[in-house]
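Novice: I am attaching a structure below and will ask some questions about it afterwards.
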Amino acid sequence: MARLVAVQPQRRHPSFSLLPPSSLSDFNGTRLLHSQLQCKRRVSQPKVALQVTASSAKKILIMGGTRFIGLFLSRLLVKEGHQVTLFTRGKAPITQQLPGESDKDYTDFASKILHLKGDRKDYEFVKSSLSAEGFDVVYDINGREAEEVVPILEGLPKLEQYIYCSSAGVYLKSDQLPHFETDAVDPKSRHKGKLETESLLESKGVNWTSIRPVYIYGPLNYNPVEEWFFHRLKAGRPIPVPNSGIQITQLGHVKDLATAFIKVLGNEKASKEVFNISGEKYVTFDGLAKACAKAGGFPEPEIVHYNPKEFDFGKKKAFPFRDQHFFASIDKAKSVLGWKPEFDLVEGLADSYNLDFGRGTFRKEADFSTDDIILGKSLVLQS
């Protein structure tokens with residue numbers, strides 16, 4: 001018999017007050033700029049509370065929610081007054097204190113989070129446990145395959161909204177960019193399961209919304225996006241970038257993504273719609289290396305370009321981004337939802353650095369083995 005369990009607070013990060021939190025953020029102490037970073041600040045406008053069309057607090061289930069996106073999304077939902085339950089296997093702490101978050105704010109948040117322990121691939125358990133609880137809204141943050149969604153829908157026949165975290169990786173590679181939500185998709189992409197999930201939701205006639213992020217970054221990121229650059233910058237090493245380095249990509253801050261997830265909740269304009277979510281501007285690979293250096297207060301890095309076809313790295317990944325132009329338009333989300341990114345790229349990278357890597361925390365140890373192969377051949381060619 002499934003049962004909801006109130007969560008005991010897990011403090012992973014001490015509370016810091018080294019830098020003042022920005023008045024522009026809904027997350028305590030989570031928008032900080034490095035003391036050496038010089039950037040033009042935007043004039044702040046009075047912050048208006050996020051509006052949800054639902055007339056009352058909702059009973060919300062988050063599938064996942066303990067790693068990255070969910071950490072920030074769940075805080076916003078609790079702040080909006082909703083009852084939030086996380087469905088996880090229970091292998092990781094259900095809550096953790098964000099870097100810069102006060103003990104008081106964290107304890108208050110953690111006391112309001114509920115936990116439903118289970119494996120989402122145990123379809124009978126999912127169906128029966130969700131049926132017993134009767135949630136109003138589901139945020140599916142970690143879904144990968146369409147079949148995982150079926151028992152959720154069967155267990156919640158009166159579900160008001162299913163909000164899905166998809167990926168901009170579903171788009172078919174194209175020479176014409178940016179990607180728009182109406183662009184052709186690739187049924188053979190590694191994200192085909194997410195594409196099939198969107199199709200399933202449409203076919204079931206439920207009220208659904210799908211969010212397609214591009215590359216996500218920010219504090220506590222478990223993917224080696226900005227962390228990959230920060231490791232090399234800290235070590236004072238050259239940064240290997242494939243080919244010309246002028247490939248254009250796009251990053252979106254996790255807190256801006258969380259805000260977008262809030263904007264679609266109970267929003268009739270978001271019903272059965274797909275939205276690209278990412279940062280306002282695009283950036284080249286070389287430009288990203290320089291932006292990471294600026295954000296962390298490092299000197300401008302030495303960038304070494306190489307031809308990936310000349311190397312065999314085995315199963316190791318020599319660069320954290322796909323070697324192509326890859327970016328998407330966020331105009332639809334801005335115009336339909338009234339959402340816009342709060343962070344520009346350097347500010348967002350500084351936020352990530354100051355609250356995570358700059359404090360000595362990271363997800364993966366530095367591995368420069370592929371760099372050494374690239375740089376070794378580069379030195380031979382130059383000699």
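The values are calculated or read from the model by the stated rules, or taken from the named source; none is laboratory data. Given the structure is predicted, the values throughout are model-derived calculations rather than measurements. Positions of Cβ are backbone-derived with ideal geometry, glycine not excepted, and every protein chain shown enters the neighbour counts. Each accessible area value is taken on the protein alone, full model and side chains, heavy atoms only, with ligands, DNA and RNA left out. Shrake-Rupley method; radii C 1.70, N 1.55, O 1.52, S 1.80 Å.
Novice: Is at least one residue of the stretch 272-280 β-branched (Val, Ile, Thr) and open to solvent by 30 Å² or more (accessible area, probe 1.4 Å)?
Specialist: Scanning the stretch 272-280, I find no residue that is β-branched (Val, Ile, Thr) and open to solvent by 30 Å² or more (accessible area, probe 1.4 Å), so the answer is no.
Novice: I would also like to ask the following. Take residues that are within 20 Å of residue 259 (Cα to Cα) and touching a helix residue (DSSP H, G or I) at 6+ places or on another chain (Cβ under 9 Å) and tell me which of the strands (runs of 3 or more DSSP E) falling wholly in the stretch 49-166 contain 2 or more.
Specialist: 59-63, 83-88, 137-140, 161-165
Novice: Which one of these does residue 169 not meet: (1) part of a helix (DSSP H, G or I); (2) open to solvent by 70 Å² or more (accessible area, probe 1.4 Å); (3) closer than 30 Å to residue 329 by Cβ?
Specialist: Going through the list (1) part of a helix (DSSP H, G or I); (2) open to solvent by 70 Å² or more (accessible area, probe 1.4 Å); (3) closer than 30 Å to residue 329 by Cβ, residue 169 breaks only (2).
Novice: In the stretch 226-280, which residues are within 11 Å of the chain's Cα centre (by Cα) and not in a helix (DSSP H, G or I)?
Specialist: Listed by number, the residues that qualify are 251, 252, 253, 277, 278.
Novice: Report, ordered by the first and then the second residue, all pairs with beta carbons closer than 8 Å, sequence separation of six or more or different chains, a first member in the stretch 287-302 that is open to solvent by 20 Å² or more (accessible area, probe 1.4 Å), and a second member that is modelled with pLDDT under 95.
Specialist: 294/37; 297/34; 297/35; 297/36; 297/37
Novice: Only one of these is within 30 Å of residue 296 (Cα to Cα) and free of Cβ contacts under 8 Å to residues at least 40 places away in the same chain: 236, 218, 205. Name it.
Specialist: From the options 236, 218, 205, the qualifying one is 236.
Novice: Taking the stretch 76-105, which residues are farther than 24 Å from residue 148 by Cβ, crowded, with 19+ Cβ neighbours inside 10 Å and among the polar types (S, T, N, Q)?
Specialist: 96, 97
Novice: Where the second residue is surrounded by fewer than 19 Cβ atoms within 10 Å (Cβ to Cβ) and among the polar types (S, T, N, Q) and the first is more than 23 Å from residue 355 (Cβ to Cβ) and lies in the stretch 72-84, which pairs have Cβ atoms under 9 Å and are six or more apart or on separate chains?
Specialist: 81/56
Novice: Yes or no: the stretch 293-301 includes at least one residue that is farther than 21 Å from residue 238 by Cα, in contact with a helix residue (DSSP H, G or I) (Cβ under 9 Å, 6 or more places away or on another chain) and modelled with pLDDT of 95 or more.
Specialist: no
Novice: Do we find that residue 191 is touching a residue at least 12 places away in the same chain (Cβ under 8 Å), in contact with a helix residue (DSSP H, G or I) (Cβ under 9 Å, 6 or more places away or on another chain), closer than 17 Å to residue 322 by Cβ and buried (at least 23 other Cβ atoms within 10 Å of the Cβ) in this structure? Spell out how you get there, then give the answer.
Specialist: Working: touching a residue at least 12 places away in the same chain (Cβ under 8 Å): yes; in contact with a helix residue (DSSP H, G or I) (Cβ under 9 Å, 6 or more places away or on another chain): yes; closer than 17 Å to residue 322 by Cβ: yes; buried (at least 23 other Cβ atoms within 10 Å of the Cβ): no.
Spelling it out, it is not the case that residue 191 is touching a residue at least 12 places away in the same chain (Cβ under 8 Å), in contact with a helix residue (DSSP H, G or I) (Cβ under 9 Å, 6 or more places away or on another chain), closer than 17 Å to residue 322 by Cβ and buried (at least 23 other Cβ atoms within 10 Å of the Cβ).
Novice: With the structure loaded, tell me whether residue 325 is of a type outside the set (Val, Ile, Thr), farther than 18 Å from residue 215 by Cβ and more than 16 Å from the chain's Cα centre (by Cα) or whether it fails that test.
Specialist: Here the answer is no, as residue 325 does not meet what is asked.
Novice: Restricting the search to the stretch 194-225, which residues are in a strand (DSSP E or B) and either among the basic types (Lys, Arg) or open to solvent by less than 10 Å² (accessible area, probe 1.4 Å) (or both)? Walk me through it before giving the result.
Specialist: First, pick out the residues of the stretch 194-225 that are in a strand (DSSP E or B): 208-213, 215-217.
Once the filter is applied, which keeps residues that are in a strand (DSSP E or B) and either among the basic types (Lys, Arg) or open to solvent by less than 10 Å² (accessible area, probe 1.4 Å) (or both), the stretch 194-225 yields 209, 210, 211, 212, 213, 217.
Novice: A follow-up question, please. Is it the case that the stretch 320-327 has a residue that's within 18 Å of residue 257 (Cβ to Cβ) and surrounded by 23 or more Cβ atoms within 10 Å (Cβ to Cβ)?
Specialist: No, the stretch 320-327 contains no residue that is within 18 Å of residue 257 (Cβ to Cβ) and surrounded by 23 or more Cβ atoms within 10 Å (Cβ to Cβ).
Novice: Quick one: in the stretch 178-223, which of the residues that are aromatic (Phe, Trp, Tyr) and in contact with a Leu (Cβ under 6 Å, 6 or more places away or on another chain) is farthest from residue 330 (Cα to Cα)?
Specialist: Ranking the qualifying residues of the stretch 178-223, first place goes to 208.
Novice: Select, from 233, 257, 337, the only residue that is open to solvent by less than 10 Å² (accessible area, probe 1.4 Å), among the hydrophobic types (A, V, I, L, M, F, W, C) and in contact with a helix residue (DSSP H, G or I) (Cβ under 9 Å, 6 or more places away or on another chain).
Specialist: 257
Novice: Is one or more of the residues making up the stretch 356-373 closer than 29 Å to residue 259 by Cα, touching a His at 6+ places or on another chain (Cβ under 9 Å) and aliphatic (A, V, I, L, M)?
Specialist: Kept after step one, since they are closer than 29 Å to residue 259 by Cα, are these residues of the stretch 356-373: 356-364.
From what is left, the residues that are touching a His at 6+ places or on another chain (Cβ under 9 Å) are 357-359, 361-362, 364.
Imposing the further condition that a residue be aliphatic (A, V, I, L, M) reduces the set to none.
No: the stretch 356-373 contains no residue that is closer than 29 Å to residue 259 by Cα, touching a His at 6+ places or on another chain (Cβ under 9 Å) and aliphatic (A, V, I, L, M).
Novice: Residue check, residue 273 against (1) closer than 30 Å to residue 184 by Cβ; (2) without any contact (Cβ under 8 Å) to a residue 40 or more places away in the chain; (3) among the charged types (D, E, K, R), all met but one. Which one?
Specialist: Here residue 273 meets the rest and fails (2).
Novice: So which of 73, 114 is buried (at least 20 other Cβ atoms within 10 Å of the Cβ) and either at pLDDT 95 or above or under 15 Å from residue 135 (Cβ atoms) (or both)?
Specialist: Numbers: 114 fails: buried (at least 20 other Cβ atoms within 10 Å of the Cβ).
Result: 73 is the single residue among 73, 114 that is buried (at least 20 other Cβ atoms within 10 Å of the Cβ) and either at pLDDT 95 or above or under 15 Å from residue 135 (Cβ atoms) (or both).
Novice: Look at residue 239 and say whether it is open to solvent by less than 10 Å² (accessible area, probe 1.4 Å) and either closer than 20 Å to residue 267 by Cα or among the β-branched types (Val, Ile, Thr) (or both). Show your work before the answer.
Specialist: Working: open to solvent by less than 10 Å² (accessible area, probe 1.4 Å): yes; either closer than 20 Å to residue 267 by Cα or among the β-branched types (Val, Ile, Thr) (or both): yes.
Yes.
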